1. Here is a list of conditions, (1) in a loop (DSSP other than H, G, I, E, B); (2) closer than 21 Å to Lys119 by Cα, and Pro49 meets all of them except one; can you say which number that is?
2. If I ask for residues that are open to solvent by less than 40 Å² (accessible area, probe 1.4 Å) and either in contact with a helix residue (DSSP H, G or I) (Cβ under 9 Å, 6 or more places away or on another chain) or not aromatic (Phe, Trp, Tyr) (or both), which ones from segment 83-98 would you list?
3. Does Gly76 count as over 17 Å from His133 (Cβ atoms) and either without any contact (Cβ under 8 Å) to a residue 24 or more places away in the chain or of a type in the set (Gly, Ala, Ser) (or both)?
4. Please determine whether any residue of segment 112-126 is under 21 Å from Ala44 (Cα atoms) and either surrounded by 14 or more Cβ atoms within 10 Å (Cβ to Cβ) or of a type in the set (Phe, Trp, Tyr) (or both).
5. Name every residue in segment 72-86 that is among the aliphatic types (A, V, I, L, M) and touching a Pro at 6+ places or on another chain (Cβ under 7 Å), in order of residue number.
6. Of the numbered conditions (1) among the hydrophobic types (A, V, I, L, M, F, W, C); (2) without any contact (Cβ under 8 Å) to a residue 40 or more places away in the chain; (3) crowded, with 20+ Cβ neighbours inside 10 Å, Ala156 fails exactly one; give the number of that condition.
7. Quick check: anything in segment 1-21 open to solvent by 40 Å² or more (accessible area, probe 1.4 Å), touching a residue at least 12 places away in the same chain (Cβ under 8 Å) and at negative phi?
8. Restricting attention to segment 51-78, which residues are surrounded by 15 or more Cβ atoms within 10 Å (Cβ to Cβ), among the aliphatic types (A, V, I, L, M) and within 25 Å of Val121 (Cβ to Cβ)?
Amino acid sequence: MDTKLLSAVITAAIIAVALVLMWLGWRNRLKRQSDVAPLPAVPAETGSPAAQAEGQYVTTTTGGDWLDRVAVHSLGIRTNATLAVYPHGVLFDRSGAPALYIPAASLAGVRQESGMAGKFVEKDGLLVLTWNHGAHELDTGFRTRRAADKDTLQAALQELISSAPAADASSGK
């Protein structure tokens, strides 16, 4: 009996230490990333999307580093979401986390990958948007619920990205 109790206490202590270390790591990541500016506000009137799909918001990482998850502003939380592409930007409507809006002028690219920060799928199973936020380049991953939606979203995103610089040039920005 005593050895079983001792084993249970040791196991509970190891689990508690692991949880505390994970919490400390996340807290330190938040401190390191405190220079990331607040996210753009979601427009009051979004209009009709050019493309939209349900799926999973995977995470946001530092641009080019698929393992460096961004913790601030709830960007590191994996959740179900709807991704909608509008003429003015992209909206991730995330359940259980604040919506993420990326203005069209901030988008730098879109590509397909097989994984990022704890989520790995088949070849080219994730849609990854590269965008600029202040001094930071970020990559945001999305996994569509239906495979056919990925190509539709990617085409709409590429169209948005290619038209955004022309719109900025003509507006004198």
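The values are calculated or read from the model by the stated rules, or taken from the named source; none is laboratory data. Quick caveat: nothing in here was measured; it's all calculated off a predicted structure. We place every Cβ from the backbone using ideal geometry, glycine too, and count neighbours over all the protein chains shown. What goes into the accessible areas is simple: the full protein's heavy atoms, side chains included, and nothing from ligands, DNA or RNA. Shrake-Rupley method; radii C 1.70, N 1.55, O 1.52, S 1.80 Å.
1. Exception for Pro49: condition (2).
2. The answer is Leu83, Ala84, Val85, Tyr86, Gly89, Val90, Leu91, Arg94, Ala97.
3. No: the conditions fail for Gly76.
4. Among the residues of segment 112-126, not one is under 21 Å from Ala44 (Cα atoms) and either surrounded by 14 or more Cβ atoms within 10 Å (Cβ to Cβ) or of a type in the set (Phe, Trp, Tyr) (or both), which makes the answer no.
5. Ala84, Val85
6. (2)
7. Scanning segment 1-21 turns up no residue that is open to solvent by 40 Å² or more (accessible area, probe 1.4 Å), touching a residue at least 12 places away in the same chain (Cβ under 8 Å) and at negative phi.
8. Across segment 51-78, the qualifying residues are Ala51, Ala53, Val58, Val70, Ala71, Leu75, Ile77.
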